[in-house]
Structures are given as structure tokens and as C-alpha cells.
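Colleague: What follows is a single structure, and I will ask about it in a moment.
Nothing in this text is a laboratory measurement; each read-out follows from the coordinates by a stated rule. Everything numeric here is computed off the predicted structure, so don't read it as measured data. No Cβ is skipped: glycine too gets one built from the backbone with ideal geometry, and neighbour counts run over all protein chains shown.
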Amino acid sequence: MSIKENLLEIKSTLPEHVTLVAVSKTKPVSDLMDAYEAGQRIFGENKIQEMAEKFEEMPKDIQWHMIGHVQTNKVKFMAPFVSLIHGVDSLKLLKEINKEALKNNRVIDCLLQMHIAEEETKFGLDDAELDEILKEVQNEKFSNIKITGLMGMATFTENQNQIKKEFLHLKAIFDADKALNTKNCQMTTLSMGMSGDYQLAIDCGSTMVRIGSSIFGTRN
């Protein structure tokens, strides 16, 4: 099936309240343009340099989401254009995003990445770190970022019960913090679910799914 057919088939299965991020990392611009011509406007990349190069080449009505782990020294390269940063996993990183957003006269939307998987390698905040960040961002110093929700990645496993448990755990944290409604913190987005588990994620309350290989085919 073509990229367009894959995309339209996936979109037909998504509820209206769920946003699709087409994960286009490592894929050529021609593939992204196939998706664009089929109506896709939100693309997710995990390397800032690659995202910046694609941003230069492609139409300007695209929303670019940074879905990978972010190094603070690279923030400046995406600050002029990035729409949403999914993987904010430290106060230090949030401060850097705020600083670079200020230089570009922008407010950058961010998701806080929670550590919900059993694997040690996945990045993310624990509950105490989350609470600390949510307190800190009420400070006037953080006027150039907006926390719009949470993101998490489940353990890479065939065990559906475990994945479900992790997703529901993240949904519970999200629901507990949804009441926080201040100028720069409005929890509306819960980003969880990828090609292999997005249906389960939606059942567990996800409002944003990150799908790559099911649209573009497997990565080289």
C-alpha cells in the first residue's frame, strides 16, 4: 500500500479527538510530501538537525513536533519554528527552551515526559520531578513556554496487560494534574501510543498518537 493509502486507513480508525503525528524521522522529503499531499500537516522528528533541514525545504503550514530526546545545546536550532516538544524531561531543558523561545519572541508548547516503562533506558520524569517542574513553571520567568500535557512511552514488550497498566498509570497522572489551569500550564494533550500500540493507548485515554512505520513503512 502507498503512504497515502496507509495514512487514510489509519486516520479512518482514529476518533475525532485524537491527533495523529506522522513520525517521519530518517524518511526522505519525497515521502513526507506524499503524506502532505494526502492531507497530513503534523510531522514528528527525533533529530533536530534533520527536522530543521526538512522545515527549510517543505511547506510552511506544517507543524513540526520534536519527539526524540532533546540535548539542551541543540534547542536553539529548532526554537524559531518547532510547534511542540514532546520529550521535556528536566527543569534544565525547560529553562533552555524558555530562553531560546524568548530570543525568538515565541511561546513554545511543551509536553512533560514521564517515565512509565520498566526499562531503564527510557527518559522521563518521576512524580516528584513532575511536581517540582509544575511548581516552577508558575514562576513569571517561564513566560515563553506553555506546558500543554504529558507524554510517555510504554515498555517495549508483547505483554499487552503491562502496556495497558503503564498507559493507565500515565492517564491517572494526567487526570490528577489537569486541574492546573494557569497562563502557561494547560493540560490538554496526552501523547502516548505508537504504531504497535496506538489503539490500546487511545482506549486508555491518549489524545495524540505518534505513528511512523505503519504510514511510511519500516525504517532502513
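Colleague: Please report the net charge: other residues with Cβ closer than 13 Å to the Cβ of Val70, K and R +1, D and E -1. Walk me through the numbers before you get to the answer.
Modeller: Numbers: positive: Lys47, Lys74, Lys76, Lys92, Lys95; negative: Glu45, Asp89, Glu96, Glu100.
Around Val70, the surrounding residues sum to +1.
Colleague: Evaluate the relative contact order of the chain (contact order divided by residue number), counting alpha-carbon pairs under 8 angstrom at least 6 apart; express in whole percent. Kindly include the intermediate steps, with their values, before the conclusion.
Modeller: Numbers: 404 pairs, mean separation 43.1, N = 220.
Computed over the chain, the figure is 20 percent.
Colleague: Specify whether the C-alpha gyration tensor of the stretch 130-174 places it in the rounded, prolate or oblate class, a ≥ b ≥ c being the square roots of the eigenvalues: rounded for a/c under 1.5, otherwise prolate if a/b is larger than b/c and oblate if not.
Modeller: Working: a/c = 4.12, a/b = 3.18, b/c = 1.29.
Prolate shape, in that a/c is at least 1.5 and a/b is the bigger ratio.
Colleague: Here's something else I'd like to know. Give me Arg41, Arg210 ranked fewest to most by other Cβ atoms within 10 Å of their Cβ, as a rough exposure proxy. Intermediate results must be reported in sequence, preceding the final value.
Modeller: Values: Arg41 13, Arg210 25.
Result, fewest neighbours first: Arg41, Arg210.
Colleague: I would also like to ask the following. Over 13 Å apart: what share of the alpha carbon pairs of the stretch 59-129 falls there, rounded to a whole percent?
Modeller: Values: 1591 of 2485 pairs.
Everything past 13 Å amounts to 64 percent.
Colleague: At what distance in angstrom do the alpha carbon centres of the stretch 1-52 and the stretch 153-217 lie from each other?
Modeller: 18 Å
Colleague: Can I ask one more? Label the chain by shape, choosing from rounded, prolate and oblate, from the square roots a ≥ b ≥ c of the eigenvalues of the Cα gyration tensor; if a/c is under 1.5 it is rounded, and otherwise prolate applies when a/b is larger than b/c, oblate when it is not. Don't skip to the end; give the middle numbers.
Modeller: On the way: a/c = 1.75, a/b = 1.15, b/c = 1.53.
It is oblate, given that a/c is not under 1.5 and a/b is not larger than b/c.
Colleague: Could you tell me which residue out of Phe81, Trp64, Ile215 lies farthest along the dipole of the chain toward its positive end? Charges go on the beta carbon: Lys and Arg +1, Asp and Glu -1, centred on the Cα centre.
Modeller: The Cα lying farthest towards the positive end belongs to Phe81.
Colleague: Then there is this: Near Lys164, which aspartates and glutamates are there with a Cα under 14 Å away, not counting those fewer than 8 places off in the same chain?
Modeller: Glu118, Asp197, Asp203
Colleague: Okay, next question. Relative to the Cα centre, what is the charge dipole magnitude of the stretch 3-213, using +1 at the beta carbon of each Lys and Arg, -1 at the beta carbon of each Asp and Glu, and rounding to the nearest 20 debye?
Modeller: Charge dipole, the stretch 3-213, about its Cα centre: 700 debye, nearest 20.
Colleague: What is the spin-label model distance, in nm, from Ala176 to His17 if the labels are put 7 Å beyond Cα along the C-beta direction?
Modeller: The answer from the label model is 2.1 nm.
Colleague: DSSP loop (so not H, G, I, E, B), at most 11 other Cβ within 10 Å: list which GluC sites (Glu not before Pro) in the stretch 102-167 pass both filters. Could you put the intermediate results ahead of the total?
Modeller: Values: sites: Glu118, Glu119, Glu120, Glu129, Glu132, Glu136, Glu140, Glu158, Glu166; in loops: Glu118, Glu119, Glu120, Glu158.
Sparse-neighbourhood loop GluC sites (Glu not before Pro): Glu119, Glu120, Glu158.
Colleague: Something else: Along the charge dipole of the chain, Cβ charges K/R +1 and D/E -1, which of Asn6, Asn104, His115 sits furthest on the positive end?
Modeller: Comparing the listed Cα positions along the dipole, Asn104 ranks first.
Colleague: Per DSSP helix of 4 or more residues, -39500 (n - 2.57); summed, then divided by the residues of the chain. What does that give at 222 nm, rounded to the nearest 500? Each step should come with its number before you reach the end.
Modeller: Working: 9 runs with 85 residues, N = 220.
Calculated from helices alone, the mean residue ellipticity at 222 nm is -11000 deg cm²/dmol.
Colleague: Further question: Under a straight-distance cross-link criterion of Cα-Cα below 19 Å, which lysines are reachable from Lys183, leaving out those fewer than 8 residues away in the same chain?
Modeller: By straight Cα distance, Lys183 reaches Lys95, Lys99, Lys135, Lys141, Lys146.
Colleague: Rounded, prolate or oblate, given the Cα gyration tensor of the stretch 53-99, with a/c below 1.5 counting as rounded?
Modeller: Prolate, since a/c reaches 1.5 and a/b exceeds b/c.
Colleague: Would you work out which of Asn46, Leu170, Ile145 lies farthest towards the positive end of the dipole of the stretch 3-213? Charges go on Cβ: Lys and Arg +1, Asp and Glu -1.
Modeller: Ile145
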